[in-house]
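As structure tokens, the structure follows; a few thoughts come after it.
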Amino acid sequence: MNIASRYAKCLFDIASEKNQQDVIAEDAANFLKAVAESAELTDFLESPLMSKSAKKETMRRLFKGFNETTLSVFDMMADKSRENFLASMAQSYLTIYNKANGITLAEVTSAIALDKDTLTEIEQFVKKHAGSKKVIITQKVDSGLIGGLTILFDGRMYDSSVTGQINKMKKELNLA
């Protein structure tokens, strides 16, 4: 278990005791979004030039709407010079949270945007195969697929794309 995972597990345990799992999951998701949207934030977190107190103060100002438990863990990680692990910790927390709540993340890639009925069918497919209560689908469009789609969840890939079928045929023909 790495550093980020240990902090995430600790945060999850505290959140469970305080019945704050959902709120802290929202904080983690918002933190990851902020990091993804701001190279400056990443640079700030990784900068060895900023003092621990300045980082803590700035983090509290930037994320003042976050739960106090979340902010306390941010402070603790800054105190131990682990602020460069905050994004990994947030991602690990969400992984633990999703597993504990029967949530599966699925990434669907198709040649065109999918309609609501198709997404509902995909959701049911993923629920059945993952044994989950809830599925959160991220949809991507890749015109290179020609047709069909791919579904990625729980480290598994279901490929019904035309491109995937062509590649499979090419592979089989080369083996013959």
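Please treat every number below as a calculation from the coordinates, not as lab data. The structure presented is a predicted model; accordingly, all values stated were derived computationally and were not measured. All Cβ positions, glycine included, derive from the backbone under ideal geometry; neighbour counts span all protein chains shown.
Assign unit charges at the C-beta atoms only (+1 for Lys and Arg, -1 for Asp and Glu), then state the dipole size of the chain relative to its Cα centre in Debye, rounded to the nearest 20. Intermediate results must be reported in sequence, preceding the final value.
Values: 23 positive and 23 negative charges, 77 e Å.
Using Cβ point charges on Lys, Arg, Asp and Glu, the chain gives about 360 debye.
Under the Kirkwood approximation for Rh and a Cα-based Rg, what ratio Rg/Rh is obtained for the chain?
On the Cα set of the chain, Rg over Rh gives 1.09.
Hey, in the GNM for the chain with a 10 angstrom Cα cutoff, which one of K33, K133, K116 fluctuates hardest?
Ranking K33, K133, K116 by mean-square fluctuation puts K116 first.
Report the Cα centroid-to-centroid distance between the stretch 25-50 and the stretch 118-176 in angstrom, as an integer.
32 Å
Would you mind checking the pairs K127/K168; K18/K80; K56/K140 and listing those with alpha carbons more than 31 angstrom apart?
K56/K140
Counting other beta carbons within 10 Å of each Cβ, put Y93, Y7, Y158 in order, fewest first.
Details: Y93 29, Y7 22, Y158 17.
So the residues, fewest neighbours to most, are Y158, Y7, Y93.
Treating the stretch 3-99 as a set of equal point scatterers at the Cα positions, no solvent, please give the Debye-formula log₁₀ I(q)/I(0) at q = 0.14, 0.17, 0.25 Å⁻¹.
Here the Debye-derived log intensity ratios amount to -0.45, -0.67, -1.48.
Pairs of Cα atoms under 8 Å, at least six residues apart: use those to get the relative contact order of the chain, whole percent.
Once normalised by length, the contact order is 21 percent.
Checking the a/c ratio against 1.5 first, then a/b against b/c, what shape does the Cα gyration tensor give for the stretch 102-175?
oblate
Using only the alpha-carbon atoms, how far is helix 116-130 inclined from the longest principal axis of the chain? Give it as 0 to 90 degrees, nearest 10.
Roughly 80 degrees, rounded to the nearest 10.
As I understand it, the dipole of the chain uses +1 on the Cβ of Lys and Arg and -1 on the Cβ of Asp and Glu, about the Cα centre. Which of G155, L119, S38 lies farthest toward its positive end?
Projecting each Cα onto the dipole axis, the largest value belongs to G155.
Can you give the relative contact order of the stretch 3-99 as a percent, counting alpha carbon pairs under 8 Å and 6+ residues apart?
RCO, the stretch 3-99: 53 percent.
Calculate the radius of gyration of the Cα atoms of the stretch 50-136 to one decimal place, then report Dmax, the largest Cα-Cα distance, as a whole number, both in Å.
For the stretch 50-136, the Cα-based Rg and Dmax read 18.6, 52 Å.
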